[in-house]
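The structure under discussion appears below in the form of C-alpha cells.
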Amino acid sequence: MTKYIIVAGGVISGVGKGVTTASIAKILKEYGYSVTAIKIDPYLNYDAGTLRPTEHGEVWVTDDGGEIDQDLGNYERFLNIEIPRRNNITSGQIYKTVIDRERKGEFLGETVQFIPHIPNEIKNRIQESAKGYDFAIIEIGGTIGDFENLPFLFAMKGLEREIGKEHVIYILVSYLPVPGHMGEMKTKPTQQAIKQLSESGIFPDFIICRSKIALDDVRKKKIEVYGNIPSDYVISEPDVDTIYRIPLDLEQESLGYKILSELRMKLKKKPQYKVWNDLVNKIVNPKHKIKIAMVGKYLDIGNYSLKDSYISVNEALLHAGASLDAGVEIVWIDAKELEKKDPAELLKDIQGILIPGGFGESGVEGKIRAIQYARENNIPFLGLCYGLQLAVVEYARNVCQMSDAHTTEIAQKTPYPVIDVLESQKEILDKGDYGGTMRLGAYAAKLKKDTKVYSLYKDLGRLKEEKNKVQTLKGKKEQAFRLGTHDTDTDIVLERHRHRYEVNPQFVSQIEEKGMVFSGYHQRSDNTKLMEFIELPEHKYFVATQAHPEFKSSLEFPAPLFYGFIRAALDKN
Ligand code: GLN
C-alpha cells in the first residue's frame, strides 16, 4: 500500500517547500523505495501555460506535453524520474472536472456540492497519481491559513480517515525569523502555524524549520512544549550554499529514518551519497571558474524574478559545471543593449554565449549580433529553441547571402522565411487557437553519426538510456505520435519542446551547402522533417537545438549539450 507524505507550508510563502519535498523524496528513493511527487497549486488557472513567467517563474514542460509549475522541475532534478503532467493538480482542474461531470449528468440528479464532491475529486486525482508507488509525497502550495488551500487540507484529512493514519504523515515546513533588532530566533509564528493547521484536523508529525541558521536545542524544546511536537521531530533546515546540500543536511537530522520508523518501515537499501556529496563539493569549491553570457530579454523583469524565469537553464549550467569541476558564473546580458553597443565590449571576459528560449521581437537583433560574434570569434555557443532559430537566421543572412532572412514570428514578409510556421499549423493559428499549435513535450530525434551532438549524447549514456523510453512510448498509444516515423530505437534521443515555429524545410539544403550541419531531425508521420539540432563542424563549439534539453538535466546526469558547452568553454576539447 502506498504511503502518503503531505507537505504544507507555514508562516510565509517561498520558504523552500518544493526543494524540501524533493529532498525528502530523494532520501526515500536512496533507501530503495519507489517514490513519486505531486504538486498542488491552489490557483484557478487550469495549468501554468498561461501564467506570467516573471511572476511564477519558468513554465516547466513534461514529457507528455504538460506546461506545469516549476516545482516539478525540482522533483525531477532530485529524483531522476519523469513526472507526468497529471502530478500537478490545480484548483481549476478540480472544479472543471466536477462541473464537466455534472454537465454530462454523471451525478444522476444529486445536488453537487463543495463537500463532498470537491475533496472527493482531489482524493481521486491524488490516488491515481500515487498508484503503484511505495511513497507519494504531496506538496500543498500556498501557506497554511490561505482560503485557497483549505479544500486540499480537508481532502487529505479525508484520505487519512479512509486509509488509516498509519499510512499518512504530515510535515509542516515553517520559517523561524531572527529579527535584526533582537538577534534572537523566534518560534511564535511556527507555534501559530501549528495551531492553524490543527484547525483542519491535521496535527503535523514533523516540523521542518527553515531559518537563517540552524536551530539550537532551546528552540527545539520550545516548539516541543508550546506546539506539542517531540523535539526529535523538530527538524532544522538552515539556509544553504546550494540546494543540493539539503538532502544531506536532512539526513544529518535523521529525518528519513524517523519517517520510516513512524510508518513502521525499514531500510530497503543503504543510501549511497558519495557521488552526490562529491558533486555538492564541486559546486561549492570548484577547481575552475568560467563566465557564461546569457543573452535574454530582461528589461521588463525585475532583478528578483530574473533568475527564476530561466531556472532550468541556470540549473543545467550548474549541473554541467559540477561534473567538470567548474563554477559557472552567469553574466546576464540584456539583448537590447547588444543592439546599441559593440558586442566585443559587452561580451569581453566571457568564455561562452548562451541564447535561451524566448518569444517575440524584443532584443532579437541583439541576440543575432551575439550569435554572429560567437560564430566569427570561435567562442563556444549554445542556442536553445529561439536560440537555434536565430542562429539559423544569422547564418542565412551572413553566410548564405539571404539578406533580410528572418523568422516569420517577427517579419511576416521576409524574402527568406527560414523559420516559419508549417502549413499544417497555419490553419490552427488562423483560428486563434494558440495553445493547439505549440509543439509541446518530448519528441524523438534521429541523430546524424559523426557529429558533435551525436558523440555527446553517446558519451553521456543517453543513447542507451533512450532505448527503453522508445519502447515505453510505443506502448502508450496516445503518446506514440511523439516518435514520429522513427520506429527504431538506435541513435534516437527524446528531448522536450515548447515552441510554435520550425526551421523551414525549403531552405535546409541551401543552408547545408554553406556548411551548417543539421545533426538531428524529427520526422512527422506526414513525412515532414523538423530540424532538431544544428552545429558548425569547424567551430570550437557552435551547437543549438530546437528543444529544451535543460528540462532533462539533473545533478547526477547533466544534459549532454550543456556538458559539451561547458567543456568547450573550459577549453578542454
Ligand atoms: N518563439 C519561438 C517559437 O515559438 C521559440 C520559442 C521558445 O524559445 N521556447 O517557436
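The values are calculated or read from the model by the stated rules, or taken from the named source; none is laboratory data. Since we're looking at a predicted model, the values are computed, not measured. In this analysis, Cβ positions are derived from the backbone assuming ideal geometry, glycine residues included, and neighbour counts consider all displayed protein chains.
For the range 488-495, state whether one or more residues are more than 25 Å from the chain's Cα centre (by Cα) and either within 16 Å of the ligand (Cβ to nearest atom) or outside any loop (DSSP other than H, G, I, E, B) (or both). Looking through the range 488-495, none of the residues is more than 25 Å from the chain's Cα centre (by Cα) and either within 16 Å of the ligand (Cβ to nearest atom) or outside any loop (DSSP other than H, G, I, E, B) (or both). Within the range 426-438, none of the residues are in contact with a His (Cβ under 8 Å, 6 or more places away or on another chain) and at pLDDT 95 or above.
Looking at residue 538, is it farther than 21 Å from residue 379 by Cα and either in a helix (DSSP H, G or I) or of a type in the set (Asp, Glu) (or both)? When the stated conditions are applied, residue 538 does not pass them.
Looking across the range 196-209, the residues that are in contact (Cβ under 8 Å) with a residue 12 or more places away in the chain and over 31 Å from the mean Cα position of the chain (by Cα) come down to 196, 200, 201, 203. In this entry, residue 450 passes the filter for residues that are over 24 Å from the mean Cα position of the chain (by Cα) and more than 16 Å from the ligand (Cβ to nearest atom). The set of residues from the range 371-388 being part of a helix (DSSP H, G or I) and within 23 Å of residue 500 (Cα to Cα) comprises 371, 386, 387, 388. Listed here are the helices (runs of 4 or more DSSP H) enclosed by the range 225-293 that have at least 1 residues being of a type in the set (Ser, Thr, Tyr): 255-262.
Annotation note: of 162, 166, 148, 184, the sole residue that is over 31 Å from the mean Cα position of the chain (by Cα), over 22 Å from residue 74 (Cα atoms) and in a loop (DSSP other than H, G, I, E, B) is 184. Taking the numbered list (1) surrounded by fewer than 23 Cβ atoms within 10 Å (Cβ to Cβ); (2) under 27 Å from residue 481 (Cβ atoms); (3) touching a residue at least 40 places away in the same chain (Cβ under 8 Å) in turn, residue 550 passes all entries but (1). Just one of (1) among the aromatic types (Phe, Trp, Tyr); (2) touching an Asp or Glu at 6+ places or on another chain (Cβ under 7 Å); (3) under 22 Å from residue 197 (Cα atoms) fails for residue 33. It is (3). Regarding residue 453, is this residue modelled with pLDDT of 95 or more, of a type outside the set (Ser, Thr, Tyr), in a helix (DSSP H, G or I) and farther than 18 Å from residue 359 by Cβ? Judged against the criteria, residue 453 is a match. Only one of (1) closer than 19 Å to residue 145 by Cα; (2) under 31 Å from the mean Cα position of the chain (by Cα); (3) surrounded by fewer than 16 Cβ atoms within 10 Å (Cβ to Cβ) is not met by residue 212, so which one is it? If we test residue 212 against (1) closer than 19 Å to residue 145 by Cα; (2) under 31 Å from the mean Cα position of the chain (by Cα); (3) surrounded by fewer than 16 Cβ atoms within 10 Å (Cβ to Cβ), just (1) comes out false.
Screening the range 128-144 for residues that are outside any helix (DSSP H, G or I) and among the charged types (D, E, K, R) and picking the one that is surrounded by the fewest Cβ atoms within 10 Å (Cβ to Cβ) gives 131.
Here residue 470 clears all of (1) closer than 24 Å to residue 418 by Cβ; (2) in a helix (DSSP H, G or I); (3) touching a His at 6+ places or on another chain (Cβ under 9 Å) except the condition numbered (1).
Whether any residue in the range 188-195 is surrounded by fewer than 16 Cβ atoms within 10 Å (Cβ to Cβ) and touching a residue at least 40 places away in the same chain (Cβ under 8 Å) is what I want to check. Among the residues of the range 188-195, at least one is surrounded by fewer than 16 Cβ atoms within 10 Å (Cβ to Cβ) and touching a residue at least 40 places away in the same chain (Cβ under 8 Å), which makes the answer yes. Pairs are defined by a Cβ separation below 7 Å, a sequence spacing of at least 6 or placement on different chains, a first member in the range 456-475 that is of a type in the set (D, E, K, R), and a second member that is in a helix (DSSP H, G or I) and at pLDDT 95 or above; the pairs so defined are 462/560. Looking only at residues in the range 339-360 that are within 16 Å of the ligand (Cβ to nearest atom) and in a loop (DSSP other than H, G, I, E, B), the one that is farthest from residue 388 (Cα to Cα) is 360. Taken over the range 373-425, the criterion of being out of contact with any Lys or Arg (no Cβ under 7 Å at 6 or more places or on another chain), away from the ligand (no atom under 14 Å from the Cβ) and among the aliphatic types (A, V, I, L, M) is satisfied by 374, 379, 396, 402.
Listed by first and then second residue, the pairs with beta-carbon distance under 7 Å, at least 6 apart or on different chains, first residue in the range 378-406 and closer than 23 Å to residue 352 by Cβ and free of Cβ contacts under 8 Å to residues at least 60 places away in the same chain, second buried (at least 24 other Cβ atoms within 10 Å of the Cβ) and among the basic types (Lys, Arg), are 390/367.
For the range 503-547, a residue qualifies if it is charged (D, E, K, R) and surrounded by 17 or more Cβ atoms within 10 Å (Cβ to Cβ), and the qualifying residues are 529, 532, 535.
Within the range 374-404, the set of residues being touching a strand residue (DSSP E or B) at 6+ places or on another chain (Cβ under 7 Å) and of a type in the set (Val, Ile, Thr) comprises 379, 392, 393.
Here residue 519 fulfils each of the conditions (1) more than 19 Å from residue 400 (Cβ to Cβ); (2) not in a helix (DSSP H, G or I) apart from (1).
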